[in-house]
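Right, one structure below, let's go through it.
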Amino acid sequence: MQISSLFLYEVLNVSVNILMKYFIFESMKKTFFLILSVGFLATLFSCQDEFCLEPTTPNLTVRFYDKDTVENTKALNLIVWIGSGTDSVALPDYVGTSIDSLSLPLDTQNTFVDYHFAILDSVGSQEEISITYSTEDVYVSKACGFKSIFHDVTFTNTTNSEWLSKSEQLSTEITNETEAHVKIFH
């Protein structure tokens, strides 16, 4: 009888171990799948604010107009560069292209910037434009961070070549790029 009870004990022990392993494995599979699903959903819905769709720091928008018909824009071939002397850098978007408007970035770390305009293939057509301003950093959102807006903007032509007839400043605040801030007549 002892042999048979020992045998029965071993059979029951093995059976219980197999059943426990099966249930534990099935339970772990369900738990793993549940954790994986929750993690995927959390990742999917936590990224909704990852992309900045708001406009950021605006540029100064300059439009060129015909001096004879002041309501009509007039394109010209310009070379535009920032700075002076050995520190000058040409803006590649505005080298030799026919344009009727410019979108000029302002230096957010300073309170002034100097731009130079020259008509392509025209000797002595250089104009120096000085722009002074004050900056204010404004919080946009978590994804976008801060943007700078510009106050007390002044636009001054410091040289007088013959192609720039006059300029008209339309705004002393730069908060967006949707409208022109300065008109230049030529």
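The values are calculated or read from the model by the stated rules, or taken from the named source; none is laboratory data. Keep in mind it's a predicted model, so treat the numbers as computed, not measured. A quick note on method: Cβ atoms are made from the backbone with ideal geometry, for glycine too, and the neighbour counts reach across all protein chains shown.
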Q: Looking for whichever is modelled with pLDDT under 85 and surrounded by 13 or more Cβ atoms within 10 Å (Cβ to Cβ) here; the options are Tyr94, Tyr133, Tyr115. Which one fits?
A: Tyr94
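Does Ser134 fit the bill of being without any contact (Cβ under 8 Å) to a residue 24 or more places away in the chain and in the same structural domain as Asp87 (by TED's automatic domain parsing)? So that I can check it myself, show each step before the final result.
Details: without any contact (Cβ under 8 Å) to a residue 24 or more places away in the chain: yes; in the same structural domain as Asp87 (by TED's automatic domain parsing): yes.
So Ser134 passes the test.
How many residues are farther than 16 Å from Val62 by Cα, not in a loop (DSSP other than H, G, I, E, B) and not aromatic (Phe, Trp, Tyr) if we restrict to region 128-144? Even if it seems obvious, please write down each step before you answer.
Filtering region 128-144 down to residues farther than 16 Å from Val62 by Cα leaves 134-144.
After this cut, where a residue has to be not in a loop (DSSP other than H, G, I, E, B) as well, the list is 134-141.
In the following step, the residues that additionally are not aromatic (Phe, Trp, Tyr) were identified as 134-138, 140-141.
Summing the residues that are farther than 16 Å from Val62 by Cα, not in a loop (DSSP other than H, G, I, E, B) and not aromatic (Phe, Trp, Tyr) in region 128-144 gives 7.
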